[in-house]
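Accompanying notes for the structure given below.
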Amino acid sequence: MSRPSFLEGVAVALGASILGSILHTVLAPVLPYRTLMLLLISALGLGYLLYLLRCCPERIGRVTAVAVWTIVAGAAWWLKLPLSTFLLAQLGTIWLVRALYFQNSVVPALADLALAGFGLLAGIWAALHTGSLFLAIWCFFLVQALFVVIPPGPVGDKHRSELDSADRFREALSSAEAAVRKFSSID
């Protein structure tokens, strides 16, 4: 998979806003407010997490990421954390996945954390000034779409060791080919 684009993030923001508004409208008459908001935050958080994992070039750890999200969300529900703390736990999980899968050093990961916090503030601002859940979700996810423009940091030791192992593989391959040529030339 290729790295997500900003326009793809805008489409995700629009879809999340529409889905969140529909879920809220449909479920508000039948669920208590707290349960409704926990369900809504969880559904949007899981949906965004799955979107990130789908766009991620790495295949390793996807099940673990979903398991960690499930544990964090389940613990937050079970502990009956306040909505603000529950929202921060969801945001932290999303940031952790983006930092681990899309950022290659500490500086871009911290910039991503700042972006996540700014998105939360934008969503709160929209909710307070408009009273619209649609606009609150839209503003939050629209800011999150900007994570693709965070410049990569310097190549870390992880990438350097991958390059070293590729060089070692090429050397081993050359040695093996030389040995095969040597054995095949013996009469």
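Structure notes:
- Selected from L46, L83, L31 as most flexible by GNM, with the chain as the system and alpha-carbon contacts under 10 Å: L31
- Principal-axis tilt of helix 133-144 within the chain, Cα atoms, nearest 10 degrees: 20
- Surface per residue (accessible, 1.4 Å probe) for the chain, Å²: 60
- The chain, helix-only ellipticity at 222 nm - DSSP H runs n ≥ 4, -39,500 (n - 2.57), divided by all residues, nearest 500: -27500 deg cm²/dmol
- When the Cα convex hull of the range 28-77 is projected onto planes of every orientation, the mean area is 3.8 nm².
- GNM top mover of G45, G153, G92 - the chain, alpha-carbon springs below 10 Å: G153
- Expressed in units of 2.2 N^0.38 Å, where N is the residue count, the Cα radius of gyration of the chain is 1.39.
- Normalising the Debye intensity of the range 78-158 to I(0), with uniform scatterers on Cα atoms only, and taking log10 at q = 0.18, 0.19, 0.20 Å⁻¹ returns -0.77, -0.83, -0.89.
The values are calculated or read from the model by the stated rules, or taken from the named source; none is laboratory data. Remember, it's a predicted structure, so these values are computed and weren't measured experimentally. Just the protein is used for accessible areas: all its heavy atoms, side chains included, with ligands, DNA and RNA removed. Shrake-Rupley method; radii C 1.70, N 1.55, O 1.52, S 1.80 Å.
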